[in-house]
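Peer 1: Take this structure first; my questions come after.
The values are calculated or read from the model by the stated rules, or taken from the named source; none is laboratory data. Because the structure is a prediction, the values reported are computed rather than measured. Heads up, the Cβs are rebuilt from the backbone with ideal geometry, glycines too, and the neighbour counts pull from every protein chain shown. Ligands, DNA and RNA are stripped out before the accessible areas are found, and what is left, the full protein with its side chains, is counted by its heavy atoms. Shrake-Rupley method; radii C 1.70, N 1.55, O 1.52, S 1.80 Å.
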Amino acid sequence: MTAKILDGKAFAARVRAKVADHVTDLKRVGLVPGLAVVLVGEDPASQVYVRNKGRQTQEAGMKSFEHRLPADTSEAALLDLIGQLNADPAVHGILVQLPLPGHMNADLVINAIDPAKDVDGFHISNVGLLGTGQKAMVPCTPLGCLMLLRDHLGDLSGMEAVVVGRSNIVGKPMAQLLLGENCTVTTAHSRTRDLPEVCRRADILVAAVGRPEMIPGDWIRPGATVIDVGINRVAGADGNNRLVGDVHFDSAAQVAGAITPVPGGVGPMTIACLLANTVTACCRTNRLPEPEGLTA
Ligand code: GUN
């Protein structure tokens, strides 16, 4: 079997177009969704992410507010800024780029964000709402994975889903979302006994461990849908760096029914879902109908 390639780049472009349509509708009633992104320090990867987020926010017709603070900013000053953004009616979404410098308590900072503006879905209230099946702000990467899965498979009810990885950002919320879709969900991790056999159970396999090409084709059930969240930079044979996922793509593509590539799979969906969450937050705050197709 040769797997169907799930083109996240093309899908993300469709999500962004849908977001832009909703923004146009919101502008007709006098609302411009606004996203504030806060970056503390000069981490090069974070700077690239933040720049891309700002550009795509503006391209979707929304307002982008960027706050760049020096690495030695005090936690109190950051909390003060978050308080101002919480109170600002032009700001519907707030994202504090992680990781934060070591002298800051990331949990404290994230939990200072108004949960209604928490477009990352990291606030403890949103984690609790998602875990209890209530309306939440949903973390962007798992939301993007869910959109890809629904688009490819339709109804996920009754399917065996295995999520490899238990991070707060991807693995745990992904498992909650799949439970919400009536999948039978296993969350596997580095201590899981006989991980290959657990993976082979999966109709849906989500790999989010951050270990390059850890999952080979012979761990995959024939015909399974494989979502590879990993983005790992490794040295190629030519001496240049290349990006690979957590799944060994070439062997997996021989067995799977469908698979997301790296790059061009899940990656582009994350910012698209951040924009979608900003529109959702704007609609909820203003008691307007939820944007269709952009929420969990
Ligand atoms: N750093 C890497 N990914 C993310 C993300 O999704 N949200 C935030 N806030 N920081 C990140």
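Peer 1: Which one of Thr225, Thr295, Thr260, Thr280 is polar (S, T, N, Q), closer than 15 Å to Gly144 by Cα and within 13 Å of the chain's Cα centre (by Cα)?
Peer 2: Thr295
Peer 1: Can you pull out every residue in region 98-151 that is within 11 Å of the ligand (Cβ to nearest atom) and assigned to a helix (DSSP H, G or I)?
Peer 2: Of everything in region 98-151, those that are within 11 Å of the ligand (Cβ to nearest atom) and assigned to a helix (DSSP H, G or I) turn out to be Ala106, Val109, Ile110, Cys140, Thr141, Pro142, Leu143, Gly144.
Peer 1: Looking for whichever is closer than 22 Å to Asn286 by Cβ, charged (D, E, K, R) and either touching a residue at least 40 places away in the same chain (Cβ under 8 Å) or not in a strand (DSSP E or B) (or both) here; the options are Asp25, Asp80, Asp72. Which one fits?
Peer 2: Only one candidate qualifies: Asp25.
Peer 1: Output the residues belonging to region 214-231 that are buried (at least 20 other Cβ atoms within 10 Å of the Cβ) and either modelled with pLDDT under 95 or charged (D, E, K, R) (or both).
Peer 2: Hit for region 214-231 is Asp228, nothing else.
Peer 1: Does Ala20 fit the bill of being in contact with a strand residue (DSSP E or B) (Cβ under 7 Å, 6 or more places away or on another chain), surrounded by 14 or more Cβ atoms within 10 Å (Cβ to Cβ) and not charged (D, E, K, R)?
Peer 2: no
Peer 1: Scan region 258-277 and tell me whether some residue there is open to solvent by 30 Å² or more (accessible area, probe 1.4 Å) and farther than 25 Å from Gly154 by Cα. Show your work before the answer.
Peer 2: If we filter region 258-277 for residues that are open to solvent by 30 Å² or more (accessible area, probe 1.4 Å), which is where we start, we get 262-263, 267-268, 270.
Remaining after also requiring farther than 25 Å from Gly154 by Cα: none.
No.
Peer 1: Return yes when Lys53 is part of a helix (DSSP H, G or I), open to solvent by 80 Å² or more (accessible area, probe 1.4 Å) and among the charged types (D, E, K, R) and no when it is not.
Peer 2: When the stated conditions are applied, Lys53 does not pass them.
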